[in-house]
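In what follows, a structure is listed as structure tokens, so that the remarks can point back to it.
The numbers here are math on the coordinates, done by the rules we state, and not lab data. Everything quoted here is computed from the prediction, not taken from an experiment. As a convention, Cβ positions derive from the backbone with ideal geometry for all residues, glycine included, and neighbour counts pool all protein chains shown.
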Amino acid sequence: MAEICLSFRRENAELAIISLRSYLEWRLKLFGDLEEQCITKDPKLRSQLESGFMHLSPMRLSNGEALLYLSNKNHDPSHYSTTDTIKCLHYFIISAMLLNPSLAESGFVIVNNMVDVEVKNVDMNFPAVIAGTVGKSMPIRLVALAIIAPPMLIRCVIPMFKAVLPPKLVKRMHVVTDLNTLPDLISATAQVCLPVELGGAVEFSTKEDLARLVAMDMSV
């Protein structure tokens, strides 16, 4: 984590120490301990990864960013609390940065596909917790957050979320209703970088993703 925080703070050791301290305090508060996460030892983490809710694209975007894809229709908040989901997101992102520390500097683009989403798929607490976590507690450089075709309920509450977010983060949040605008918005070559569900060529396989993570047996 020290190396990640140093990359996140662009080699500024003083700021890196502050980021590392904030991260450890946040993790202790949220997780209740500092024990490592491991997919082979955490049945709930493994179960949520098996749901197909989160995928990390194998392709990098134009400026080296990683694309984290959320398929919201596969999420079931009745089975997973907001904390469970944050832990899952944490595992995905931190493991990616441990494998490639440069991602702490180049950052992540999160694309949340809400096509065909029903109210039962939506965790209303998740956006607020993410807003308070990204860049503050977890050393993640969020380059952009694209919300694809959100239902009317979500469109109504997005302005309320934006009202309490830092201006810098608000500028990076986009509601997308026309998929043709998405590649330019996130600096992506559509066919190369985007998932099939959004008109691209990247096919995600939950089974293959899980097998890869289990094989690596990575602890974060």
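For the chain, a Gaussian network of Cα nodes joined below 10 Å ranks Cys38, Cys88, Cys156 by mean-square fluctuation, and the top entry is Cys156.
Which of Lys44/Lys73; Lys120/Lys207; Lys44/Lys207; Lys162/Lys207 have a Cα-Cα distance over 27 Å? Cα-Cα > 27 Å for Lys162/Lys207; rest within.
Given R₀ = 41 Å, FRET efficiency for Val196-Ala2 by Cβ-Cβ distance, to 0.05?
0.60
Maximal additional length on extending the Ser62-Thr83 stretch stands at 4.4 nm, based on 0.36 nm per residue less the C-alpha distance. How large is log10 I(q)/I(0) at q = 0.21 Å⁻¹ when the Debye formula is applied to the Cα atoms of the stretch 17-163, each weighted equally and without solvent? Debye curve over Cα of the stretch 17-163, log10 I(q)/I(0) at q = 0.21 Å⁻¹: -1.61.
Between Leu185 and Glu105, what length comes free when the chain is fully extended (0.36 nm per residue of separation minus the Cα-Cα distance, one decimal in nm)?
Separation in residues times 0.36 nm, less the Cα-Cα distance, equals 26.9 nm.
Would you mind getting me the FRET efficiency between Met160 and Ala215? Use the beta-carbon distance for r and R0 = 41 Å, nearest 0.05. So, using R0 = 41 Å, E works out to roughly 0.45. Here the extension length gained between Glu14 and Val175 equals 54.4 nm, from 0.36 nm per residue of separation less the Cα-Cα distance.
Helical runs assigned H by DSSP (4 residues or longer) give the chain a calculated mean residue ellipticity at 222 nm of -12500 deg cm²/dmol, each run adding -39500 (n - 2.57) before division by the residue total.
Cross-link reach is defined here as a Cα-Cα straight distance under 16 Å, omitting same-chain residues fewer than 8 places apart; for Lys41 the aspartates and glutamates meeting it are Asp33, Glu50, Asp84, Asp217.
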